[in-house]
Amino acid sequence: MSDVDQLQAELLAEVVGAGTLDAIEAVRVRALGKSGSVTALLKTLGGMSPEERQAKGPAFNGLREAVSAAIGARKAALEAAALDARLATEAVDVTMPVWAGATGSIHPISQVMDELAEVFADMGFAVATGPEIEDDWHNFTALNIPESHPARAMHDTFYFPDTTDGEGARMLLRTHTSPVQIRTMTSQQPPIRIIAPGRVYRSDSDATHTPMFHQIEGLVIDRGIHLGHLKWTLETFLKAYFERDDIVLRLRPSYFPFTEPSVEVDVGYSLVNGQRVVGGSDGWMEVLGSGMVHPKVIAACGLDPNEWQGFAFGTGVDRLAMLKYGMDDLRAFFDADLLWLKHYGFRALDVPTLSGGVGA
Ligand code: PHE
């Protein structure tokens, strides 16, 4: 057996004996690496006479090819085996039931925001957002609440320190989601149909008020919009959200600077075992503020109020959640109490979908 055959037989045996990817890599380095045995052999060709090179060249190159092919094949086989082993240990049986104990739960407020987005998506409303740190103009002035207006005091606003020396906008934490009306009307052309769910802030805290809470705003701007559209929209929304057909609404005249006329909306409830349940008309609960968008607000956004009209409404998401799912203390929403979350939270897989519906 020639030296070349001898070396080839040794190396191929090493290849077969390599049981891991690390081992096969070590064989490759020993044979084909910079100072590997095959490489060293090939280097000797440089110092040979042309005749000798012609005689030995093919054998040396044949050796390199044979060893390199064997290493490649062995490596592929080892990789496939490693993948199989990994797949076997990581296999997930998707037919197994979900172990609910292993999952977290969806907070009722997130659940209700999702439900509301779905209900309104069905009616063709898009979701709009705005910043929680707002300026005075979007939160108040453009909404027809000028500097001296008493409604500013009513909002218990958290202001940021005024660093502008009266020049420019003083920043605040938005006191309602209504500034999103302004942001939408100044950035989109009508027709507009949006809802804007989000956090709002007021310096107020007791059993029914928390300094941060959630509102959802609705805005429709189009030609020829009137109070009838508002009432139908609210009725359709409340029926879908509470999943009952016997929702009765009562519209009462009210006042908001940014709507004219303004209406406060009550929903009828029935008494079931001493508990108020939405539906029927044994009594009334206030659920929404709304009205026709004030022409001054439309004009402040650069639209012509003679051409464009609309309605807006705003309501508390936390309260809607409490009414639907029967919680009685608002503060529990923000306590991060795991027992409470376990009881009132929603399974992570219970997300509403357009096709499945809210109750799916
Ligand atoms: N922004 C009002 C509030 O926070 C609610 C409202 C929104 C009223 C839109 C009318 C129209 O009380």
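Structure notes:
- Residue tally, condition assigned to a loop (DSSP other than H, G, I, E, B), touching a residue at least 60 places away in the same chain (Cβ under 8 Å) and either under 27 Å from Asp156 (Cβ atoms) or of a type in the set (Phe, Trp, Tyr) (or both), over segment 110-142: 5
- Condition check for Asn144: touching a Ser or Thr at 6+ places or on another chain (Cβ under 8 Å) and either at pLDDT below 90 or open to solvent by less than 70 Å² (accessible area, probe 1.4 Å) (or both): no
- Test for Asp206: is it without any contact (Cβ under 8 Å) to a residue 40 or more places away in the chain and of a type in the set (D, E, K, R): yes
- Qualifying residue in segment 154-175 (condition: under 20 Å from the mean Cα position of the chain (by Cα), open to solvent by less than 20 Å² (accessible area, probe 1.4 Å), within 16 Å of the ligand (Cβ to nearest atom) and at negative phi): no
- Selection count where residues are touching a residue at least 24 places away in the same chain (Cβ under 8 Å), open to solvent by 30 Å² or more (accessible area, probe 1.4 Å) and under 16 Å from Glu65 (Cβ atoms), scope segment 2-39: 6
- No other residue among Gly224, Gly291, Gly274, Gly228 is over 26 Å from the mean Cα position of the chain (by Cα) and within 24 Å of Arg199 (Cβ to Cβ) apart from Gly291.
- Hits in segment 105-141 (condition: of a type in the set (D, E, K, R) and either at pLDDT below 95 or open to solvent by less than 10 Å² (accessible area, probe 1.4 Å) (or both)): Asp114, Glu115, Glu118, Asp122, Glu134, Asp135, Asp136
- Scanning segment 250-273 for residues that are assigned to a strand (DSSP E or B), open to solvent by 10 Å² or more (accessible area, probe 1.4 Å), more than 9 Å from the ligand (Cβ to nearest atom) and of a type outside the set (A, V, I, L, M) returns Arg250, Arg252, Pro253, Tyr255, Glu260, Pro261, Tyr269, Ser270.
- In segment 192-217, the residue that is surrounded by the most Cβ atoms within 10 Å (Cβ to Cβ) out of those that are among the small types (Gly, Ala, Ser) and either within 11 Å of the ligand (Cβ to nearest atom) or not in a strand (DSSP E or B) (or both) is Ala196.
- In segment 234-245 there is at least one residue matching the filter, namely being basic (Lys, Arg), open to solvent by 60 Å² or more (accessible area, probe 1.4 Å), out of contact with any Asp or Glu (no Cβ under 7 Å at 6 or more places or on another chain) and not in a helix (DSSP H, G or I).
- Residues (farther than 10 Å from Ile24 by Cα, touching a residue at least 24 places away in the same chain (Cβ under 8 Å) and open to solvent by 40 Å² or more (accessible area, probe 1.4 Å)) located in segment 61-78: Arg64, Ser68
- Tabulated pairs, segment 303-318, first touching a residue at least 60 places away in the same chain (Cβ under 8 Å), second aromatic (Phe, Trp, Tyr), C-beta under 7 angstrom, 6+ apart or interchain: Gly316/Phe213; Asp318/Phe213; Asp318/Phe333
- Any hit, segment 82-97, residues being surrounded by 11 or more Cβ atoms within 10 Å (Cβ to Cβ) and free of Cβ contacts under 8 Å to residues at least 12 places away in the same chain: no
- Residue that is least open to solvent (accessible area, probe 1.4 Å) [pool: residues in segment 311-347 that are more than 16 Å from the ligand (Cβ to nearest atom) and assigned to a strand (DSSP E or B)]: Phe346
- Looking only at segment 274-304, residues that are of a type outside the set (Asp, Glu), open to solvent by 40 Å² or more (accessible area, probe 1.4 Å) and away from the ligand (no atom under 16 Å from the Cβ) come to 8 in all.
The values are calculated or read from the model by the stated rules, or taken from the named source; none is laboratory data. From a predicted model like this one, the values you see are computed outputs, not experimental measurements. When we count neighbours, we look across all protein chains shown, and the Cβ atoms used for this are built from the backbone with ideal geometry, even at glycine. Side chains are part of the model used for accessible areas, which takes the heavy atoms of the whole protein and leaves out ligands, DNA and RNA. Shrake-Rupley method; radii C 1.70, N 1.55, O 1.52, S 1.80 Å.
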